[in-house]
Amino acid sequence: MVDYECAVIGAGISGLAALKCFLDKNLSVICLEKSEDIGGLWNFSEKGYGVMRFTHINVSKQNYVFSDFPFPEGTPDFPHHTDMLSYVRSYCKHFNLNQHIHHNCIVTNIKQTFDGLWRITFQKGKHQNWEGNKVITVRNVAIATGHHANPRIPKIQGEDSYVGTMIHSVQYKCARSLGVSPGKRVLVVGMGNSAVDVADNLVTQGQCRVDISARSPSWIFPPYCLGSPVDHYATRALYALPLSAVEVEDSSTTSGRLIARYQVSPVLNENPARWMASLIKSKTIGLFM
């Protein structure tokens, strides 16, 4: 016996999109969310998994939007996490997704049966009408638990004798709540989005002296280029250019004078996936590679 055609594990951005798509196909579906609310990492919490207090999305809203549900008028190009959560709540309400989401349900096991179905075991939600564990059988499962949920902490030689404080970025909410003192020297290990956000906040809010240690280089771009969000230029056509440079003309003049020349090949050939991963606002950060 099949309880649902589909099950979605997680009610973050991806989980909600999957839930909505299943419903569009008139499939019976259940969404299991371990927390008391929707939004995933965009639902700010002082402890545990989620965004930092100051987090804005690092791509423009035009490239981080549900295709069938635009952002409200007046939303900044790079929305704050509070704008993102409000947007996600509106999405759920507009498409009537909340009635399919069961909160406080922790999935403990997913196992495929001999006939190709999936048996899901989860602990009951405190607002549900069952006790103990519950088992359901579904035809399809969408796992949307997020790839940032569990921090990966490397073992560093000599860390046992280090007298300072070592934390993972998942524990970092802002310099003020962490209690760092001005002038403190901080080393940020890594060059991903979280690392750059932490480094910038430590400098601007914490007034710390910050160095970044990066295993490989990232290409650092400002949020805007020629008045538009920089990721608006990240098109497949740009990736396909065989040129060593892209010339950008000022369209406001009849002569179309050349105002900028951007080196493209070195950026794209090295690592296209990372060329806009990081946006550093501060100029007081040291960088080691």
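The values are calculated or read from the model by the stated rules, or taken from the named source; none is laboratory data. Quick caveat: nothing in here was measured; it's all calculated off a predicted structure. Cβ atoms come from the backbone with ideal geometry, glycine included; neighbour counts cover every protein chain shown. Areas reflect the complete protein model, heavy atoms only, side chains present, ligands, DNA and RNA absent. Shrake-Rupley method; radii C 1.70, N 1.55, O 1.52, S 1.80 Å.
Full extension of the chain segment joining Asn104 with Ser213 gains 35.4 nm, where the gain is 0.36 nm per residue of separation less the Cα-Cα distance. Working from label points 7 Å from Cα in the Cα-to-Cβ sense, the Ile156 to Asn133 distance is 3.9 nm.
Fully extending the segment from Leu23 to Val163, taken as 0.36 nm per residue of separation minus the present Cα-Cα distance, adds 45.0 nm. The residues of segment 35-140 expose, per residue, 58 Å² of accessible area to a 1.4 Å probe. Taking all protein chains as shown and a probe of 1.4 angstrom, Thr235 keeps an accessible surface of around 60 Å². Dividing the mean sequence gap of close Cα pairs (under 8 Å, 6+ apart) by how many residues segment 87-235 holds gives a relative contact order of 12 percent. The listed peptides 152-159, 182-189, 34-41, ordered by packing as a protection proxy, come out as 34-41, 182-189, 152-159 (highest mean of other Cβ atoms within 10 Å first). Taking a sphere under 10 Å around the Cβ of Gln62 and counting the other residues whose Cβ falls inside, with K and R at +1 and D and E at -1, yields a net charge of -1. Across segment 8-140, C-alpha contacts under 8 Å between residues 6 or more apart give a mean separation that, scaled by the residue count, equals a relative contact order of 22 percent.
Segment 76-180: percent of C-alpha pairs farther apart than 24 Å? That tail contains 55 percent of the Cα-Cα pairs.
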